Structures are given as C-alpha cells and as structure tokens.
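Taking it in order: structure first as structure tokens, then the write-up.
The values are calculated or read from the model by the stated rules, or taken from the named source; none is laboratory data. The structure displayed is predicted, hence computed values, not measured ones. Here the Cβ is made from the backbone with ideal geometry for all residues, glycine too, and neighbour counts use every protein chain on show. Ligands, DNA and RNA are excluded from the accessible area calculation, which covers all protein heavy atoms including side chains. Shrake-Rupley method; radii C 1.70, N 1.55, O 1.52, S 1.80 Å.
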Amino acid sequence: MADDTASPFGPLLLELARMRKSNLTAAIDDVDKIIDLLSAAREQVAAEDDSHRTMMALTTLQNPVKSRLEAINSDLKDVNKAQKGFGKALDKALPHRDLPMETDAMADQSALINRAIAMHLLREGQFSVASTFVREARDNPLDAQDFSSRQTPTPSQVDADGDDDMSWPDISNKDDDDSNSLGSITAQLDARPSGLQQKFAEMYSILSELRARNLSPAIRWAHDNNDRLEARGSNLEFELCKLQYVWLFKGPAVNGLADDAHNGHAGALLYARQHFGRFQRRHLRDIQQLCCAMVYAPNLEASPYSHIFAIDSAFDDVSASFTREFCSLLGLAAESPLYVAVTAGAIALPRLIKYTTYMREKKTEWTTENELAFETPLPPSMIYHPIFVCPVSKEQTTETNPPMLLPCGHVICNDSLKNIAKGSRCKCPYCPTEGHIKDAIRITL
C-alpha cells in the first residue's frame, strides 16, 4: 500500500488525525469531575453542624479542584495546538489561487455592461451619477470600435438651445438595438430631464408620497394609465382606491387628516360613492364587503371584515405593486437586471470555481461556448422561464407532454417515455437501469 505521507496532502492528513485525537472530550470529563467534587462537598457541608469539619471539607477540596483545573488547561492547550497545526497544514496544502478563467464571455460586451449599469442607476434614482457614468464611458470606451458608432448626437441633431431632438428610446422595443445603446442613453442624460429619466423621477416622487401615506398621486397615475393596466390584467387602481377607503375609514386619529366631512366613516362612504362605481363590474364583491363594514364600525375588530382593515403592511405592499406595474409599462422588470445578474453570479461562484479547478486538473474543457456544464441552484424568485428540452426527442416539454423523472434520476419527456416503454417496463436511454412506468414521477421545473 502506498504511503499517504508521500502525497502532497500527507502532512495535512497527519494534522487532521492529530486534531481528531485532540478533542474536547478529556476537558469535558475534567469539568464533570469538578462538578461532582463541588456537589459532594456541598452535600457534606449541608449535613455537618460542626464548623471545624466544614472548614476541613473545604480545605480537602482545594487540591483536587486545582489539579482538575490544571488538567482542563492542559487539554485545551492540546486542542488549540492541534487546530493551529491543521490550519497551517491546510494553508500549505491548499494555497490561495486566482479564479482560473480561460476566457471572459463578456469581454466583447462592454456596451451592454455599461448600458446595464446606466439603467440600474436610473432605476435607483441616481440620475446625476448615471449622467456622469455614461459620459465617462463615452469618453473612455473599453473598445473604441464598438463605441465609434454610438457617440452623442451630432451638432445637427441638437437645437440651438441645447435640447436634444432625439426621443427617449422605447425600452420595450427589443428589436431596435441602437435605440437602447449607451450613446442614446448618453444623449438623453445630456439633455433636459425627459423620457425615461423623467418617468423614473415621477415614480420616485409617487413612492415618496406613498411612504408619507398619501395615496392621491398614485391613484391619479393609475387612473391615467388604467386602460394599459387593465389590458395587463392589473387591479392596481382598485387596490389603491380600496386602501384609500380603508385609510379614510380609520379616521383622523389614525390617518392624521383633517377632521371634516371628507374623513372618517362619512368621508369613506362619500369616497366610495364617488369612485367605486366604475369598479363594480370586476370588484362588486369587494365593494360590498367594504361598504357592509360600516355596520360593524363600533366593533370592527370582532367583525367578519376585520382582516380587510388590518393594514400594517398595506402601504409597503401597494408600493411594491405600484413599482412593479410602473416598470412593466416601461417594458422593464420590477427588479434591476443588474442586481439579479450579480446576485445570481454570487450564488453560482462557488460551483464555478470548483468546476473550473476540476476541469484544469483533468486537462479537459467544456466544448459549448458561453454555456455552463452544470446547473446553478438559483432561488425560485430568480427562475423566470424554466424550459426543459427532452434529450431523447429534442423537443421542449409542454403541459400535455411534461418532464418525467425516471427511478434512476434521469429526466425525459412523457412522449419519449411511452415510446421506449415495453409493456409496463422501460429502460433508461442513458443508463442500464430498468423500472416500471408507474414509478416515473412528473416534475415541475
């Protein structure tokens, strides 16, 4: 048998064995013995009426306790020494190395990266920072050839007053690559606040009012864009009006508004008469519940509608809904793509390091360009369009042809499973495992 000490990890294995041997068991035993000595002494002192015998018992206890404390210190020193030795051996056997990346898939995508950063800054309301960033990216491009055609507008495109005639690009138009270029964003940021910057400024202004418990600006925006929101199946305007009704129902003692006919129970009922009529077709049941709550106003907490008026997190929820719908009308996701990409990259980084290290040690490589050879375990919130293509039929799975998990762990589509089945049994096309069709499990990706 080969000597393990001859391998590069031999000293590490020796230190590991020493650390496992030097554990805290002996120290714990010594502590238990001290506890036993003290417990026995306490019982003896409690049973003795003679003070002389009590002093003798305590004097006799001194040396055993002292020796046990010294033994505990010795045990802990051995453990500490073993841990330090293992740490040094670990650092020596596994030195720090740079992430082995042969190629950078984003090296030739500097324009897209810069645009993502600029859009993220705009979404966060950092307009001045975004303007500075795009100007510096324009003046100091990483690849001059890529940026040569994406500069600021020519003098003929700018009016004498310095305003840019170019309109803000429609972000939802995915086919127009130039409209979303860094140069176009630069042109808009150099001009007066307009287009996308103005829209985000409006969004943050409304969100600021929502944080101050003022729903009126958000309701006006939802009403102005009601047709587009309803086309998307959104109930944002009604949710805002519903919250406004509840907020007025709470009265001046809670909402801090003026104590007049437009506040309190009377104000809520007046608001419902003025605004709920146009929502009856889609939200009649909700409106009935809101209005019937008037009957239980003296003891609303014990009513069947108490949950409707529990609005501890309602303003935060409606702010999130407003942000999501506002961004959707701009053709943007509710969360910044840059934030999602960076978070997903941080989650995938440990596996990427392990994979690239293994591939280099084995002197092999993944043959498909810009594609990972392993699955990244992202949280459900980052899985947007899960797609599975059957490795047998090469077809994408559907609701009628779902992915099926075989007993061996391989996944194929249901149609392929039926095609390879022989009676009630089937053989996996990727391994020699056989099983029953009834053991295959439908999975949701």
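Might you check whether a residue that is open to solvent by 50 Å² or more (accessible area, probe 1.4 Å), in a helix (DSSP H, G or I), among the acidic types (Asp, Glu) and farther than 20 Å from GLU239 by Cβ occurs anywhere in region 286-305?
Yes - at least one qualifying residue is present in region 286-305.
Quick check, is CYS431 surrounded by 10 or more Cβ atoms within 10 Å (Cβ to Cβ) and either free of Cβ contacts under 8 Å to residues at least 24 places away in the same chain or assigned to a strand (DSSP E or B) (or both)?
It is true that CYS431 is surrounded by 10 or more Cβ atoms within 10 Å (Cβ to Cβ) and either free of Cβ contacts under 8 Å to residues at least 24 places away in the same chain or assigned to a strand (DSSP E or B) (or both).
Which one of the conditions (1) open to solvent by 50 Å² or more (accessible area, probe 1.4 Å); (2) touching a residue at least 12 places away in the same chain (Cβ under 8 Å); (3) within 27 Å of the chain's Cα centre (by Cα) does ARG324 fail to meet, given that it meets all the rest?
(2)
Quick check on this structure: which one of GLY264, GLY277 is open to solvent by less than 30 Å² (accessible area, probe 1.4 Å), more than 29 Å from ALA201 (Cα to Cα) and not aliphatic (A, V, I, L, M)?
Among GLY264, GLY277, only GLY264 is open to solvent by less than 30 Å² (accessible area, probe 1.4 Å), more than 29 Å from ALA201 (Cα to Cα) and not aliphatic (A, V, I, L, M).
Against the definition (out of contact with any Phe, Trp or Tyr (no Cβ under 7 Å at 6 or more places or on another chain), assigned to a helix (DSSP H, G or I) and of a type in the set (Asp, Glu)), how does ASP36 come out, yes or no?
On the way: out of contact with any Phe, Trp or Tyr (no Cβ under 7 Å at 6 or more places or on another chain): yes; assigned to a helix (DSSP H, G or I): yes; of a type in the set (Asp, Glu): yes.
Yes: the conditions hold for ASP36.
Residue by residue through region 286-321, note down the ones that are among the polar types (S, T, N, Q), closer than 16 Å to PHE249 by Cα and free of Cβ contacts under 8 Å to residues at least 12 places away in the same chain.
If the condition is that a residue be among the polar types (S, T, N, Q), closer than 16 Å to PHE249 by Cα and free of Cβ contacts under 8 Å to residues at least 12 places away in the same chain, then GLN288, ASN299, SER303, SER306 are the ones that fit.
With the condition kept exactly as written, say whether any residue in region 50-70 is open to solvent by less than 50 Å² (accessible area, probe 1.4 Å), in contact (Cβ under 8 Å) with a residue 40 or more places away in the chain and of a type outside the set (Lys, Arg).
No, region 50-70 contains no residue that is open to solvent by less than 50 Å² (accessible area, probe 1.4 Å), in contact (Cβ under 8 Å) with a residue 40 or more places away in the chain and of a type outside the set (Lys, Arg).
Restricting the search to region 213-227, which residues are surrounded by fewer than 13 Cβ atoms within 10 Å (Cβ to Cβ) and modelled with pLDDT under 90?
ASP227
Say we look at region 228-242 and pick out the residues that are of a type in the set (Asp, Glu) and open to solvent by 10 Å² or more (accessible area, probe 1.4 Å); which of these is nearest to the chain's Cα centre (by Cα)? Outline the logic, then answer.
We begin by selecting, within region 228-242, every residue of a type in the set (Asp, Glu); these are 230, 237, 239.
From the residues that got through so far, the ones that are open to solvent by 10 Å² or more (accessible area, probe 1.4 Å) too are 230, 239.
Values: GLU230: 29, GLU239: 26 Å.
Filtering region 228-242 for residues that are of a type in the set (Asp, Glu) and open to solvent by 10 Å² or more (accessible area, probe 1.4 Å), the one nearest to the chain's Cα centre (by Cα) comes out as GLU239.
Tally time: how many residues in region 413-428 are assigned to a strand (DSSP E or B), of a type outside the set (Gly, Ala, Ser) and in contact with a helix residue (DSSP H, G or I) (Cβ under 8 Å, 6 or more places away or on another chain)? It would help to see each step written out before you state the result.
First, pick out the residues of region 413-428 that are assigned to a strand (DSSP E or B): 413, 421-422, 425-427.
With of a type outside the set (Gly, Ala, Ser) added as a condition, the list becomes 413, 422, 425-427.
From the residues that got through so far, the ones that are in contact with a helix residue (DSSP H, G or I) (Cβ under 8 Å, 6 or more places away or on another chain) too are 425-427.
The number of residues fulfilling the criteria is 3.
List every residue pair whose Cβ atoms lie under 7 Å apart, where the two residues are 6 or more positions apart in sequence or sit on different chains, the first residue falls within region 253-273 and is closer than 18 Å to ALA212 by Cβ, and the second residue, located anywhere, is open to solvent by 60 Å² or more (accessible area, probe 1.4 Å) and of a type outside the set (A, V, I, L, M).
Between residues of region 253-273 that are closer than 18 Å to ALA212 by Cβ and residues that are open to solvent by 60 Å² or more (accessible area, probe 1.4 Å) and of a type outside the set (A, V, I, L, M), the close pairs are ASN255/ARG213.
For region 243-260, give me each residue that is open to solvent by less than 70 Å² (accessible area, probe 1.4 Å) and farther than 20 Å from ILE219 by Cα.
PRO252
Of everything in region 331-364 that's surrounded by 16 or more Cβ atoms within 10 Å (Cβ to Cβ) and outside any helix (DSSP H, G or I), which residue is nearest to the chain's Cα centre (by Cα)?
Ranking the qualifying residues of region 331-364, first place goes to SER336.
Do we find a residue being of a type outside the set (Ser, Thr, Tyr), within 37 Å of the chain's Cα centre (by Cα) and modelled with pLDDT under 80 anywhere in region 83-90?
Checked against the condition, which is being of a type outside the set (Ser, Thr, Tyr), within 37 Å of the chain's Cα centre (by Cα) and modelled with pLDDT under 80, region 83-90 yields at least one hit.
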